[in-house]
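Here's the structure we're looking at; comments come further down.
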Amino acid sequence: MKWNNLSKLVLALGVSATLAACGGGDEASSDGATGVAGTINVVSREDGSGTRGAFTEITGVLGEDANGEEVDNTYSEAIIQNGTEGVLSTVAGDANAIGYVSLGSLNDTVQGVAIDGVEPTNETVQDGTYPIARNFNIAWKGDLSEVAADFVAYIHSAEGQAIAVEEGYVEAKMDGAAYAGDGSMSGTISIVGSTSVSPLMEVLAEEYKALNPDVQIDITSNGSSAGMTAAMEGTADIGMSSRELKEEEAAELTSDAIAVDGIAVVVNKENTLAGLTLEQVKAIFTGETTEWADVQ
């Protein structure tokens, strides 16, 4: 068969296209260390989020300025989400994304990353080897109503702490007594705050109401700072926080931990990242490291 110049050109173009489709070109389609290439898309929580507050403090993203004032150095180009589900869906839909969520909210749409060689699990949170962990706290001002006090007693009871474990958290009270209520409680309890604490609180509320059917518990999920403000202003009986209380909040409120939770750093399931150090986490979430190729 005789090939003219046009036929040779067509053949060459076809071979080039095939090689490019198969990854045979000069430019690699992925990074060897992580399975993805290109810009790291950082996903963070909104200001006032207890998860963000705890995460930035533990990882060192929260720093100080020249006057000793705290400064949140979260990367200015970060994608900000106002709740746990927003972070999960964003990371699940973007191969280059990285974010963080409550360990109790971690699901199979994303994958948790080992930190300093330790996988994020209930066991590693409980034994203290996983480095990014925090308390789930509740807080209230003055004396609680009888029914609210009874609900808090239920949360801290052996039954309440067993629920925390069943829901994927670590108990805050290791030696809680059995719940002593007789089912006679009635009234309404208003609870406001952290979107990370809310899923656990909703289960605790349902179980408590099953024992006390004349009790109504209203739960609003709008962030830790909003919860502490509502408790201080008296617009909620109980505030929820997924961080430690600030000095001005602690001065006005009584608080207690109801569970211990890890914060999982999460990436897309296409990402083959084996793990990160805390220093690498800090570098990524402050924008010091912006390319997946630089994560080794």
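The values are calculated or read from the model by the stated rules, or taken from the named source; none is laboratory data. Keep in mind the model is a prediction, meaning the values are calculated, not measured. Counting neighbours? That spans all protein chains shown, and the Cβs are built from the backbone with ideal geometry, glycine included.
Below are the figures for this structure:
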item	result
Tabulated pairs, the range 265-287, first in the same structural domain as Leu62 (by TED's automatic domain parsing), second among the charged types (D, E, K, R), C-beta under 7 angstrom, 6+ apart or interchain	Asn268/Asp94; Thr277/Asp116; Leu278/Asp116; Gly287/Glu77
Ser157 over 18 Å from Ala236 (Cα atoms) and among the polar types (S, T, N, Q)	yes
Every residue from the range 117-168 that is assigned to a helix (DSSP H, G or I) and polar (S, T, N, Q)	Asn122, Thr124, Gln126, Gln161
Verdict on Glu244 being within 28 Å of Thr124 (Cα to Cα) and under 19 Å from the mean Cα position of the chain (by Cα)	yes
Where Gly262 falls short, out of the listed (1) outside any strand (DSSP E or B); (2) closer than 21 Å to Gln111 by Cβ	(1)
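Residue-by-condition table, conditions (1) at pLDDT 95 or above; (2) exposed (fewer than 15 other Cβ atoms within 10 Å of the Cβ); (3) out of contact with any Phe, Trp or Tyr (no Cβ under 9 Å at 6 or more places or on another chain):
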| position | (1), (2), (3) |
| --- | --- |
| Glu57 | no, no, yes |
| Leu88 | yes, no, yes |
| Ser102 | no, no, no |
| Ala162 | yes, yes, yes |
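Listed here are the residues, each with its yes/no results for (1) out of contact with any Lys or Arg (no Cβ under 7 Å at 6 or more places or on another chain); (2) of a type in the set (Gly, Ala, Ser).
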| residue | (1), (2) |
| --- | --- |
| Gly227 | yes, yes |
| Glu247 | yes, no |
| Ala251 | yes, yes |
| Ile263 | no, no |
